[in-house]
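Student: Here you go, one structure.
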Amino acid sequence: MTEKATRPPRRGAFIVLEGIDGCGSTTQSKRLVEALCARGRDARHTCEPTAGPVGALIRSVLEKRLLDPSGAPRAFRWSTLALLFAADRLDHLDTEVLPALAAGAVVVSDRYDLSSLAYQSVTASAERDVLPWIRELNREAVRPDLTLVIDVPFEEARARRIARGGPEELFDADRLQRRLAEAYARAEELVPGDRIEHVSGVGSVDVVHQRVLESVFRALPWLTDAS
């Protein structure tokens with residue numbers, strides 16, 4: 001009796017969406033997961049900072065909820081935040097991303113280490129090049145199969161942040177967001193060797209979603225086949 005042929009396991013993929021605050025990465029990463037699931041893929045959404053213990057601390061800092069004895073938001077050095085983000089990222093990989101990839105899933109993350117390289121580098125002291133140190137902190141971070149940078153003009157991203165309301169977060173200052181937009185425009189320099197696709201984030205959610213899908217399927221065409 002011949003053995004029954006077994007289908008090889010499906011190949012997983014790690015996709016990251018990035019951009020300045022207000023670019024729509026959260027909405028578009030979730031829409032991408034929905035679209036992949038509708039095509040029969042096991043697709044899972046995740047994000048950074050995570051909901052884990054280190055991520056929860058980071059969120060409290062970003063949202064200015066962590067206070068010093070005087071009652072003012074506690075200030076953190078850029079280097080301290082870089083360390084926290086790297087720790088959260090490695091925990092994220094161990095608890096969510098790598099197990100899902102091993103199971104053949106497509107993991108779509110709203111932000112990854114490109115955020116650290118962009119945000120911590122523009123908030124660091126201008127006296128020295130901090131990128132090598134930040135890259136070393138993230139040396140054990142598995143590389144994504146694809147990173148989509150959603151490009152939105154600073155003015156439009158700012159208007160979106162204002163429209164959604166809520167208190168100002170740590171990185172919302174206009175001067176900083178302008179510098180972040182410049183950093184993301186040269187994302188290829190920040191993560192040399194990674195596959196980067198720039199997608200215009202201007203337009204309706206549906207229009208941008210179609211651009212995201214086209215970029216994903218062009219870069220990873222095997223994702224169109226869920227058989």
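The values are calculated or read from the model by the stated rules, or taken from the named source; none is laboratory data. Remember, predicted model here, so these are calculated numbers, not experimental data. Glycine also receives a Cβ, built like all others from the backbone with ideal geometry; neighbour counts cover every protein chain displayed. Quick note on the areas: whole protein, heavy atoms, side chains included, nothing else; ligands and nucleic acids left out. Shrake-Rupley method; radii C 1.70, N 1.55, O 1.52, S 1.80 Å.
Student: Only one of the values (1) 32, 21, 17; (2) 24, 24, 14; (3) 37, 21, 14 was calculated from this structure for semi-axes √(5λ) of the Cα gyration tensor in Å; name its label.
Tutor: Read-out from the structure maps to (1).
Student: Quickly rank 153-162, 115-124, 101-110 as a protection proxy: mean count of other C-beta atoms within 10 Å, highest first. Don't skip to the answer; put the middle values down first.
Tutor: Details: 153-162: 15.2, 115-124: 22.0, 101-110: 19.9.
The densest-packed peptide leads the list: 115-124, 101-110, 153-162.
Student: Tell me the per residue accessible area of the chain using a 1.4 Å probe; a whole number in Å² is fine.
Tutor: Computed with neighbouring chains in place, this is 51 Å² per residue.
Student: Sorted by average packing, counted as other Cβ atoms within 10 angstrom per residue and highest first, what order do 203-214, 32-43 take?
Tutor: 32-43, 203-214
Student: For His198, list long-range residues whose amide hydrogen, built 1.01 Å from N in the peptide plane, is under 5 Å from its own amide hydrogen.
Tutor: Excluding prolines and chain starts, which carry no amide H, the hits are Val149.
Student: For the chain, which whole-number percentage of the solvent-accessible area (1.4 Å probe, protein heavy atoms only) is attributable to carbon and sulfur atoms?
Tutor: Carbon and sulfur: 53 percent of the exposed surface of the chain.
Student: While we're looking at this one, here's another question. If you take every DSSP beta bridge fully contained in the chain, what fraction is antiparallel? Give it as a percent rounded to 5. All intermediate terms of the calculation are to be shown ahead of the outcome.
Tutor: Working: 1 of 20 bridges.
About 5 percent, rounded to the nearest 5.
Student: For Thr50, enumerate residues with amide H under 5 Å from its amide H, sequence gap 5+ or separate chain, H modeled in the peptide plane.
Tutor: Hits under the 5 Å cutoff: Gly55.
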